[in-house]
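Colleague: My questions all concern the structure below.
The values are calculated or read from the model by the stated rules, or taken from the named source; none is laboratory data. As the structure is a prediction and not an experimental result, all values here were calculated from the model. Here the Cβ positions follow ideal geometry from the backbone for every residue, glycine too, while neighbour counts run over all protein chains shown.
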Amino acid sequence: MCLLSSLIGIRLSTSLETRALTVNFGGHVAVNQVSCAFAPGTLTAIVGPNGAGKTTYFNLISGQLPITSGQVLLHGQDLTQENAATRAQRGLGRAFQLTNLFPRLSVLENVRLAIQARHKLGVQIFSTWFSHRVLIEEAEQILEQISLGGRRDTPAAELPHGDQRKLEVGLLLAMKPDVFMFDEPTAGMSHDEAPVILDLIATIKQQKDKTILLVEHKMDVVERLADRIIVLNQGQLVADGEPAAVMQSKMVQEAYLGIAATEGAAA
């Protein structure tokens, strides 16, 4: 059960909800009956040890994996039977742990195509390039936001890894989703590159009508950005609440931080 309301003493409106979300791989239950609601204006960090089911949970929400049982709802509408593309059009935006770009197209073209997809102009994606000046201008503005304006004509495949991660966030911004889902957005980025992504996420968070989910293992990032933490372990939701309270939980310290219960007793 999702414990946010009882832990922080308020009832928040819900944009995204999962109800008893479950997936089985053979005899292994990778995500087990996870029910949770996420509110606009909040950033929820999803943490847990390796193999806990964090990315699998993301894949079930965004439609990359079929659901064994349960539901995914966006603004109260059941999306469980919808594919990933339809969920994206409805307002679920997903940035992947591994980059998901058009490698041969330029940086600008990647963002432009995402904008055109939002406007449902997919059939025209390779036609009348210069007739879509408004779309190009919007793409250029996004490139400035992600600090890639100077690389607009570079093929995506030629970008270093950190810049590819920035571009992927740019594609997500171009889609203007209601729910932003980030799966380890700074993975593989240098210490100097990561602040650009984190600042962008912080800016999105300021838009109180947006909901942000963040899978992250860097606790300094979680502490900086999260309003709330949920913890998955062996596919189950084991903790949910404000960051300080969750991280002080004995169960979380054992399951996620690797602090043995005996250490506390010895101290």
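Colleague: Within the set of pairs 6 or more residues apart or between chains, which connect a residue that is more than 14 Å from Cys36 (Cβ to Cβ) inside the range 58-82 to a residue that is assigned to a strand (DSSP E or B) and among the hydroxyl-bearing types (Ser, Thr, Tyr) with Cβ atoms less than 9 Å apart?
Modeller: As it stands, the answer is Ile67/Thr22; Thr68/Thr22; Ser69/Thr22, since those pairs meet every condition given.
Colleague: So, in the range 1-11, of the ones that are part of a helix (DSSP H, G or I) and in contact with an Asp or Glu (Cβ under 8 Å, 6 or more places away or on another chain), which residue ends up modelled with the highest pLDDT?
Modeller: Leu4
Colleague: Let me ask something additional. Quick one: is Leu198 among the hydrophobic types (A, V, I, L, M, F, W, C), at pLDDT 90 or above, outside the structural domain of Gln64 (by TED's automatic domain parsing) and within 18 Å of Leu213 (Cα to Cα)? Let's see the steps before the verdict.
Modeller: Details: among the hydrophobic types (A, V, I, L, M, F, W, C): yes; at pLDDT 90 or above: yes; outside the structural domain of Gln64 (by TED's automatic domain parsing): yes; within 18 Å of Leu213 (Cα to Cα): yes.
It is true that Leu198 is among the hydrophobic types (A, V, I, L, M, F, W, C), at pLDDT 90 or above, outside the structural domain of Gln64 (by TED's automatic domain parsing) and within 18 Å of Leu213 (Cα to Cα).
Colleague: Also, quick follow-up: Given (1) surrounded by fewer than 20 Cβ atoms within 10 Å (Cβ to Cβ); (2) in contact (Cβ under 8 Å) with a residue 60 or more places away in the chain, identify the lone condition not met by Leu213.
Modeller: In the conditions (1) surrounded by fewer than 20 Cβ atoms within 10 Å (Cβ to Cβ); (2) in contact (Cβ under 8 Å) with a residue 60 or more places away in the chain, Leu213 misses (1) alone.
Colleague: Another question, then. Let me confirm something: among Thr55, Thr44, which residue is crowded, with 16+ Cβ neighbours inside 10 Å, under 27 Å from Pro243 (Cβ atoms) and either without any contact (Cβ under 8 Å) to a residue 40 or more places away in the chain or in contact with a Leu (Cβ under 6 Å, 6 or more places away or on another chain) (or both)? I'd like the intermediate steps shown before the answer.
Modeller: Details: Thr55 fails: either without any contact (Cβ under 8 Å) to a residue 40 or more places away in the chain or in contact with a Leu (Cβ under 6 Å, 6 or more places away or on another chain) (or both).
Unique residue meeting the criteria: Thr44.
Colleague: Identify the single condition in (1) at pLDDT below 90; (2) under 30 Å from Thr68 (Cβ atoms) that Asp192 does not satisfy, given that it satisfies every other one.
Modeller: (2)
Colleague: I'd like the full set of residues that are part of a loop (DSSP other than H, G, I, E, B) and either crowded, with 16+ Cβ neighbours inside 10 Å or modelled with pLDDT under 95 (or both), limited to the range 142-160. Explain how you work it out, then say what you get.
Modeller: Residues of the range 142-160 that are part of a loop (DSSP other than H, G, I, E, B), as a first pass: 146-148, 152-154, 159-160.
The answer is Ile146, Ser147, Leu148, Arg152, Leu159, Pro160.
Colleague: Hey, can you tell me all the residues within the range 166-190 that are under 13 Å from the mean Cα position of the chain (by Cα), assigned to a helix (DSSP H, G or I) and over 18 Å from His119 (Cα atoms)?
Modeller: Glu168, Val169
Colleague: Is there a residue being modelled with pLDDT under 90 and under 17 Å from the mean Cα position of the chain (by Cα) anywhere in the range 57-71?
Modeller: Checking the range 57-71: not a single residue is modelled with pLDDT under 90 and under 17 Å from the mean Cα position of the chain (by Cα).
Colleague: Within the range 178-189, count every residue that is of a type in the set (Val, Ile, Thr) and either modelled with pLDDT under 85 or touching a helix residue (DSSP H, G or I) at 6+ places or on another chain (Cβ under 8 Å) (or both).
Modeller: Step one: of the range 178-189, the residues of a type in the set (Val, Ile, Thr) are 179, 186.
Those still in the list that are either modelled with pLDDT under 85 or touching a helix residue (DSSP H, G or I) at 6+ places or on another chain (Cβ under 8 Å) (or both) too: 186.
Residues meeting the conditions: 1.
Colleague: If you don't mind, another one. Return the residues of the range 12-31 that are in a strand (DSSP E or B) and not hydroxyl-bearing (Ser, Thr, Tyr); say none if nothing qualifies. Break it down into steps so the answer makes sense when it comes.
Modeller: So in the range 12-31, the residues in a strand (DSSP E or B) come out as 16-25, 28-31.
Of everything in the range 12-31, those that are in a strand (DSSP E or B) and not hydroxyl-bearing (Ser, Thr, Tyr) turn out to be Leu16, Glu17, Arg19, Ala20, Leu21, Val23, Asn24, Phe25, His28, Val29, Ala30, Val31.
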